[in-house]
Amino acid sequence: MAKRKSVKLPEPLWYGIREHAKREKRPMWQVIQRAWGYWLSAYRSHHVEHNNLDRKAWYIYKLSASVGEFRANPSEENLAKLTKTCEQISQRLGVDTSLILNAVANYIRKPNTKTRMALNDATKAVIIQILTGGEG
């Protein structure tokens, strides 16, 4: 049998736990153990989700800015920045960015509304992959 320890609780909390334990017909320690498990799970989930979400948001912003700069001024310098951003997203997030690079190549060859819309759609598809962590 596990060793037992005591914990000092404020009286209103102790009475609340006792009442809940009576309603569920459980020992007080089980009520506390379950509450601790829920809290721990939510705490871990909260931190993992926000850290990952922050990282994804950064790369989505970076990609959008790079594509926007390239569309506004399709220079060699902006092409290099966009290519570098796509490589980083591929390596660091494991997302396939070849769709954007193909759309960029088409846009360079023939910069018109159709190829610009294809670039927009490719960018949107990659953003969906970043958000979902998979094929979009």
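Per-residue 3J(HN,Hα) values for the stretch 30-44, derived from phi via the Karplus relation 6.51 cos²θ - 1.76 cosθ + 1.60 with θ = phi - 60°, read 5, 5, 5, 4, 5, 4, 4, x, 4, 4, 4, 4, 5, 4, 5 Hz in sequence order (x marks Gly and Pro).
To the nearest 10 degrees, how steeply does helix 76-93 sit against the main Cα axis of the chain, on a 0 to 90 scale? Relative to the chain, helix 76-93 is tipped by roughly 30 degrees.
Taking the Cα centre of the chain as origin and assigning +1 to Lys and Arg Cβ atoms and -1 to Asp and Glu Cβ atoms, the resulting dipole is close to 860 debye. Report, ordered by chain and residue number, the aspartates and glutamates lying within cross-link reach of Lys124, taken as a straight Cα distance under 18 Å and ignoring same-chain residues fewer than 8 apart. Correct list for Lys124: Glu69, Glu87, Asp96, Glu135. Between Val7, Ser64, Asn112, the Cα set farthest toward the positive side of the dipole of the chain (charges on each charged residue's Cβ, about the Cα centre) is that of Val7.
Residue-wise HN-Hα couplings along the stretch 117-131, as the Karplus relation 6.51 cos²θ - 1.76 cosθ + 1.60 with θ = phi - 60° gives them from phi, are 5, 5, 5, 4, 5, 5, 5, 4, 5, 5, 4, 4, 4, 4, 5 Hz; Gly and Pro carry x. A simple rule links phi to the HN-Hα coupling: the Karplus curve 6.51 cos²θ - 1.76 cosθ + 1.60 with θ = phi - 60°, which for the stretch 13-21 gives 5, 4, 5, x, 5, 4, 5, 5, 4 Hz, with x for Gly and Pro.
Net charge of the neighbourhood of Ile60, taken over other residues with C-beta under 12 Å away and scored Lys/Arg +1, Asp/Glu -1, is +3. Only one item in [x] 12.9; [y] 14.1; [z] 10.2 matches mean projected area of the Cα convex hull in nm² derived from the coordinates shown, and that item is [y]. Straight Cα distances below 23 angstrom link Lys5 to the lysines Lys22, Lys25, with same-chain residues fewer than 8 positions distant left out.
List the relative contact order of the chain as a percent without decimals, with contacts defined as Cα pairs under 8 Å and 6+ residues apart.
Value for the chain: 16 percent.
Per residue, what accessible area does the chain have, given a 1.4 Å probe and all protein chains present, in Å²? Write out the running numbers ahead of the final one.
Values: 10170 Å² over 136 residues.
Ligands and nucleic acids excluded, the figure is 75 Å² per residue.
By how many nm would the segment from Trp36 to Glu11 grow when fully extended, if each residue of separation counts as 0.36 nm and the alpha-carbon distance is taken off? The partial results should precede the final answer.
On the way: separation 25, 0.36 × 25 = 9.00 nm, distance 1.88 nm.
Length gained, Trp36 through Glu11: 7.1 nm.
The values are calculated or read from the model by the stated rules, or taken from the named source; none is laboratory data. What you see is a predicted model, and the numbers here were worked out from it, not measured in a lab. Cβ atoms come from the backbone with ideal geometry, glycine included; neighbour counts cover every protein chain shown. With ligands, DNA and RNA removed, areas are computed over all heavy atoms of the protein, side chains included. Shrake-Rupley method; radii C 1.70, N 1.55, O 1.52, S 1.80 Å.
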